[in-house]
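> Pasting in a structure now, in structure tokens, and then I'll have a few things to ask.
Where a number appears in this text, it was derived from the coordinates with a stated rule and is not lab data. Since we're looking at a predicted model, the values are computed, not measured. With ideal geometry, Cβ positions are generated from the backbone for all residues, glycine too; neighbour counts draw on all protein chains shown.
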Amino acid sequence: MKDIFALRLYTRVARLGSFSAAARECGLSQSQASRIVADLEAELGVRLLSRTTRAVVPTEAGGEFLARIETILAALDEAEHSVREGGDLRGMLRMSMPTSFGIRDVIPRLASFAQRHPNLHIQLQLGDRRQDLVKDAVDVAIRLGRLPDSTATAKLIATIPRVVVAAPDYLARHGAPETPDDLVHHRIVGGTAAAVPTAWRFQRAGRESAIKLEPHFSTDENEGAIAAAAAGFGITSTSGWACRRELESGSLIRLLPEWTLAGIPVHAYFPMGRATRAAARSAIDHLVASFLRDPTDTPI
């Protein structure tokens, strides 16, 4: 197990480009981490890392070793999980996802999964901005909207409905749009670019209408867009799940209900591909089953 720990430590140093950062993750001092990796290099008879004052990067041999060993470590996780009593998962599971979706839909659905695996530490990294998933050791990222071209593995979790909403106060002052074309005369609240494009595409009875809109207020967090709409800044388009509480309480009102907007695909994105740990796949399988049981239809 000591040798396996050395291999895991090496993968984190190589991915983070830092002995100190990897040491903190593993509960070691920087000198301890450096010595363990140096012992691994001595045992293999090859230098795995090029160390400079600015960065730590894998050598050519170290890069090839990294690609091979990550797949082996993932397979080892699978083997341990398969024979462990009750299929108990252990260690750290790092998940990344947009703030609204994480708080409002993922965390409640993960509660039963966490209860079944009390020895698994689940760490959620919430934020609407994209990050370096490999460097941050993210096992699985949940992404809304179109995925960028990538060699990483992705799995569709669900497709969530999109709605157009505004606060009663705003509608009292400006009136409610009766058709999508009327939106050009209203104040628009812009959300995250990945989930809400500049052109809102509506469909009704086989007819499609694409309305290009310029926001008067914008934010890089979906929670901010919902809060701004509820405060009366203007009209926004977001997922029906993200603003479900506001619709139920009446602080937001759904507009143009006879028109439908294209749904937002939700994918699980595995940056390590075949080297993905068993805990990440199990968590996503749990979420997929949960969304199938409870699709959470958009309230009107």
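> Taking 8 Å as the Cα distance limit and 6 or more residues as the minimum spacing, I'd like the relative contact order of segment 162-262 as a percentage. Each step should come with its number before you reach the end.
Details: 182 pairs, mean separation 46.5, N = 101.
It comes to 46 percent, rounded to a whole number.
> Now for a separate question. Rounded to the nearest 500, what is the 222 nm mean residue ellipticity of the chain from helices alone, with -39500 (n - 2.57) per DSSP H run of 4+ residues and division by all residues?
Values: 9 runs with 110 residues, N = 300.
Estimated from H runs of four or more residues: -11500 deg cm²/dmol.
> Which value in Å is the Kirkwood Rh of the chain over different Cα pairs?
On the way: mean 1/r = 0.0461 Å⁻¹.
Kirkwood radius, the chain: 21.7 Å.
> Using the Kirkwood formula on the Cα atoms of segment 221-277, what hydrodynamic radius do you get, in angstrom to one decimal? Show your work: numbers first, answer last.
On the way: mean 1/r = 0.0734 Å⁻¹.
Kirkwood hydrodynamic radius for segment 221-277: 13.6 Å.
> How would you order 173-182, 92-101 from highest to lowest mean count of nearby Cβ atoms within 10 Å?
92-101, 173-182
> Rounded to a whole number of µm²/s, how large is the Stokes-Einstein D of segment 2-83 at 4 °C and 1.567 mPa s, given Rh as the Kirkwood radius over C-alpha pairs?
Working: Rh = 12.9 Å.
D = 100 µm²/s.
> Please work out, to two decimal places, the log10 of the ratio I(q)/I(0) at q = 0.12, 0.22 Å⁻¹ from a Debye calculation in which every Cα of segment 162-262 carries one identical scatterer.
Results for segment 162-262 at q = 0.12, 0.22 Å⁻¹ read -0.32, -1.18.
> Could you check the simple spin-label distance between Arg51 and Ser20, using points 7 Å along Cα→Cβ, in nm with one decimal?
Computed distance between label sites Arg51 and Ser20 equals 1.5 nm.
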